[in-house]
Amino acid sequence: MVATAATSSFFPVTSSPDSSDSKNKKLGSGSTNLGGIKSKPSASSGSLQVKANAQAPPKINGTTVVTSPVEGFKNEDGAGSPHPRTFINQLPDWSMLLAAITTIFLAAEKQWMMLDWKPRRPDMLIDPFGIGRIVQDGLVFRQNFSIRSYEIGADCTASIETLMNHLQETAINHCKSAGLLGEGFGATPEMCKKNLIWVVTRMQVVFDRYPTWGDVVQVDTWVSASGKNGMRRDWLVSDSKTGEVLTRASSVWVMMNKLTRRLSKIPEEVRGEIEPYFMNSDPVVAEDSRKLVKLDKSMAEHMRKGLTPRWSDLDVNQHVNNVKYIGWILESAPLPVLETHELSSMTLEYRRECGRESILQSLTTVSDSSVGDLVNVGEIECQHLLQLEEGSEIVRGRTQWRPKYAKSFGNVGQIPAKSA
């Protein structure tokens, strides 16, 4: 009505004679016409009789125009309302269409902002919700990890267990991304049919520099053949921001029957699954051919007894996770070594597995050094043995330690350029 009144001021309306005459009439005398409503006296009751316009609503360009109640009434003579339809109130109602267009526009803008999202900090995790991706001609798997506050140790750097868990996680995700993950943990479909699992027999790791809280590390891993019945897996860990190599690792894996717990040859069906993903490359860590010394209680300078696996130390194959062995080995390392030096490399040979009921001993001896004078000592080498209480060997190991904050990182590795 406000729009109608405003428009009427621009479009003058000619009043009809009837309406002009009706304005001059007094209320209550004769018949009075008020906005299309005509009242006339009745002999019996004196009530007003109103006749409504029964005509259908008018249409403009196929659109029904809703008229006001006043316009819908006509007087007895058939004359229309004294207020004719104007240009404005004959237009269709565009408010619903405008509201729909606005809603669509806002939804599209929100979707575009989500797709165009970029982290405010360049060092934020690149792939926070995924499991990595295949690169290098489909043979190298790459995944990023952010070092969190609960993953660092007393030196404000990532713990050994954290770094080793990154290696294990990328190995499993590599199998998954390549479509080789069956029902088992890291086993291919053919391995699951034959009750076979992978077990690690040897691992060499070189720690060039330890990442710290907030760093984002990039882990690359690939596999190669190792003899007739083995597989070698290599890892290269680098700083995702600078590309600096942080850790290099090489390992040898063989197959074991999950039911008999005995080693097994690689079946031809399994070989056909994994060989297309083999790279023809050298190990990222040069093999240390020195024989690992077998320690006994008489040779060991430091020993930790009564180590028992917890339920959380078992993996889905019902044996102790190989990362846990590393923590047990370092349990017997002398405290002065841990306080003044950091682990620079280690070589491990896994002899057998242990179960939930096992009780272990960790033995360590420091080579060519006196523990009491470690402050003035440079590189330190230790020999390790993890065994059951009854004497069966679990893991033999050799570790090398450098003074903390040393910059002698040595030669670093590289990802193989191409596979033959």
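For region 126-284, the Cβ-based charge dipole about the Cα centre amounts to some 660 debye (Lys, Arg positive; Asp, Glu negative; other atoms uncharged).
Exceedance of the 21 Å cut-off in Cα-Cα distance is limited, within the set Lys193/Lys265; Lys194/Lys228; Lys176/Lys265, to Lys176/Lys265.
In terms of accessible area, using a 1.4 Å probe and ignoring ligands and nucleic acids, Leu314, Leu98 rank largest first as Leu98, Leu314.
Note that region 126-284 shows a convex hull volume over its alpha carbon atoms of 126 Å³ per residue. When Asp220, Asp288, Asp155 are compared by accessible area at a 1.4 angstrom probe, the order from most to least is Asp155, Asp288, Asp220. Heavy atoms of the protein chains alone define the surface here; on that basis region 288-405 has 48 Å² accessible area per residue at 1.4 Å probe size. Counting only protein heavy atoms and a probe of 1.4 Å, the accessible surface of region 288-405 is 48% carbon and sulfur. Given a 1.4 Å probe and the protein chains as shown, Leu338 ends up with an accessible area of around 70 Å².
Want the number for Lys294 to Leu388: 0.36 nm per residue separation, take away the alpha-carbon distance, what's left? Can you show the working numbers first?
Details: separation 94, 0.36 × 94 = 33.84 nm, distance 1.38 nm.
Length gained between Lys294 and Leu388: 32.5 nm.
The accessible area of Glu275, taken with all protein chains in place and a 1.4 Å probe, comes to roughly 90 Å².
Rank-order 204-210, 257-263, 355-361 by packing density, defined as the average count of other C-beta atoms within 10 Å over each peptide's residues, highest first. Don't jump to the answer; show the numbers that get you there.
Working: 204-210: 21.3, 257-263: 11.7, 355-361: 15.0.
Top to bottom by mean Cβ count within 10 Å: 204-210, 355-361, 257-263.
Rolling a 1.4 Å probe over the protein heavy atoms gives region 126-284 an accessible area of 45 Å² per residue.
Residues of region 212-241 with an amide N closer than 17 Å to a point placed 7 Å from the Cα of Glu275 along the Cα-to-Cβ direction: 223-232.
Relative to the current alpha-carbon distance between Glu301 and Arg352, full extension at 0.36 nm per residue lengthens the span by 16.0 nm.
Taking 0.36 nm per intervening residue step and subtracting the Cα-Cα distance, what contour gain separates Glu287 from Asp155 on full extension?
Values: separation 132, 0.36 × 132 = 47.52 nm, distance 2.91 nm.
Length gained between Glu287 and Asp155: 44.6 nm.
Its relative contact order, with pairs defined as Cα atoms under 8 Å and 6+ residues apart, puts region 288-405 at 34 percent. Accessible surface of Trp401, taken over heavy atoms with a 1.4 Å probe and every protein chain present, rounds to 10 Å². Between Thr103 and Lys194, the simple label model (points 7 Å from Cα in the Cβ direction) yields a spacing of 6.1 nm.
When only Cα pairs under 8 Å and 6 or more residues apart are kept, what is the percent relative contact order across region 126-284?
Numbers: 307 pairs, mean separation 36.8, N = 159.
Rounded, it is 23 percent for region 126-284.
The values are calculated or read from the model by the stated rules, or taken from the named source; none is laboratory data. All figures in this text were calculated on a predicted structure; none of them were measured in a lab. Note that we place each Cβ from the backbone using ideal geometry, even for glycine, and neighbour counts take in every protein chain shown. Heads up: the accessible areas ignore ligands, DNA and RNA and are worked out on the full protein's heavy atoms, side chains in. Shrake-Rupley method; radii C 1.70, N 1.55, O 1.52, S 1.80 Å.
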